[in-house]
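Encoded as structure tokens, the structure appears first; notes follow it.
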């Protein structure tokens, strides 16, 4: 099986399982919105972000080293396991001890309990991370996808059961613990335990090698996480937990195309890029992947923004009234965010972690500064606009870096992206035509949403073949070949 087809197969498994699990999670969150108030939802998510900040700050990047260096042996994998687990657990202990401080900062008495519960879940994730990276290095994406989907199913089911039992925001904490237990079991049972658990003497040479590669990646990881989550902490502090609950709900939906599709394609492409030893082949693969990625992600992102208000009317109560407008504005991030992630995978495969670190710093700084200024002085909807501005800046700077360092013309990357974006125009037109031209006051809101989605999908297919015909045929050819296999 060729490397291209292995990459496509891996993408199919990761995307299908991820989107499948995410759809279940999305349905569960919509039901939870009927059982929880925005304030409760916001409190739990503030705790999750605080704990995951400590977690990401100590990721060290050693797992990425194992993926980017397929020939690294058992001793290197044991070093990565030892440092990843021990350093991570120390950081989690520190954030649990600081739970009282955060409870006073956000004026939420139960925040310390939420932080402790989420820390237990993340402590299990620390153990399962290195086995997961070993599976990714071996391109065993089927197992990775199934583990993620199983975890999301467990999270969704447990959260709903606990919420119906009246546990409120604690439902999300208990569900997180059960999800981590499922993922831990599957990954540690699937990866060859001798590869990552065989004891090896900790030595400075291997440690230094890991640190030289992993430290910039680690800094990049925390900045990448911060650019996706720290805006919630700012909105929660400036505008309150009620607003941040709605903001986080809208962000999680808008982020589905980028995080559950675009970034998983990036995870698949990292080992694929790494196995291409020819620099020219890596450059061609980057341009080709950018077009195919856009063809998949853009209609999901633009489509979410187009049906946002109909989705709010169909599923949410009046006290979640900001979600529709927030989702329209936040959908922009899913258009530009995967571009930066794709280039990040390319830079990792070509062993340039410090460049990634600088790019992530630019993005995180833009998020923190823009969101704080816009939220404080202009309100929650302008804060959503600031997010799109920051991610767009990061995407453009990433493309410029590849042009400067690798002499890949910007148009060589932007042209394949432009065609799928143009194909979204008929889709938006069809959705708006249905909403404002054919709706009547008596229409059921659920039926209206279904008709809008169907009309938009048909219009996008036509637009894709009209404006991005060559890319569409290539994607269909790859999918058809893989399905035959």
If the requirement is being assigned to a helix (DSSP H, G or I) and closer than 18 Å to residue 387 by Cβ, which of these qualifies: 182, 235? 235
Quick check on this structure: which one of 42, 21 is in contact with a helix residue (DSSP H, G or I) (Cβ under 6 Å, 6 or more places away or on another chain), at pLDDT below 85 and either closer than 30 Å to residue 250 by Cβ or in a helix (DSSP H, G or I) (or both)? 21
Output the number of residues of segment 186-209 satisfying the condition of being under 22 Å from residue 139 (Cβ atoms) and assigned to a helix (DSSP H, G or I). 10
Restrict the check to segment 82-100 and report whether at least one residue is touching a helix residue (DSSP H, G or I) at 6+ places or on another chain (Cβ under 9 Å), surrounded by 22 or more Cβ atoms within 10 Å (Cβ to Cβ) and in contact (Cβ under 8 Å) with a residue 60 or more places away in the chain. no
Output the helices (runs of 4 or more DSSP H) that fall wholly within segment 266-342 and possess 3 or more residues being over 24 Å from residue 393 (Cα atoms) and at pLDDT 80 or above, or say none. 308-315
From the option list 54, 4, 33, 47, single residue qualifying as surrounded by fewer than 21 Cβ atoms within 10 Å (Cβ to Cβ), modelled with pLDDT of 65 or more and part of a helix (DSSP H, G or I) is 33
Restricting to segment 358-369, what's the tally of residues that are surrounded by fewer than 21 Cβ atoms within 10 Å (Cβ to Cβ) and either in contact with a helix residue (DSSP H, G or I) (Cβ under 7 Å, 6 or more places away or on another chain) or under 17 Å from residue 234 (Cβ atoms) (or both)? 6
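Matching residues to (1) over 30 Å from residue 196 (Cβ atoms); (2) touching a strand residue (DSSP E or B) at 6+ places or on another chain (Cβ under 8 Å); (3) part of a helix (DSSP H, G or I):
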{"site": "132", "(1), (2), (3)": "no, no, yes"}
{"site": "135", "(1), (2), (3)": "no, no, yes"}
{"site": "153", "(1), (2), (3)": "no, no, yes"}
{"site": "162", "(1), (2), (3)": "yes, no, yes"}
{"site": "168", "(1), (2), (3)": "yes, no, no"}
Tell me whether segment 63-82 contains one or more residues that are out of contact with any strand residue (DSSP E or B) (no Cβ under 9 Å at 6 or more places or on another chain) and at pLDDT 90 or above. yes
Checking the structure you have, find out if any residue of segment 340-354 is surrounded by fewer than 17 Cβ atoms within 10 Å (Cβ to Cβ), in contact (Cβ under 8 Å) with a residue 60 or more places away in the chain and closer than 24 Å to residue 243 by Cβ. no
So, of the residues in segment 150-185 that are surrounded by 23 or more Cβ atoms within 10 Å (Cβ to Cβ) and closer than 22 Å to residue 131 by Cα, which turns out to be modelled with the lowest pLDDT? 152
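The values are calculated or read from the model by the stated rules, or taken from the named source; none is laboratory data. Just so you know, these numbers come straight off a predicted model, no measurement behind them. Cβ sites come from the backbone with ideal geometry, for glycine too, and all protein chains shown count toward neighbours.
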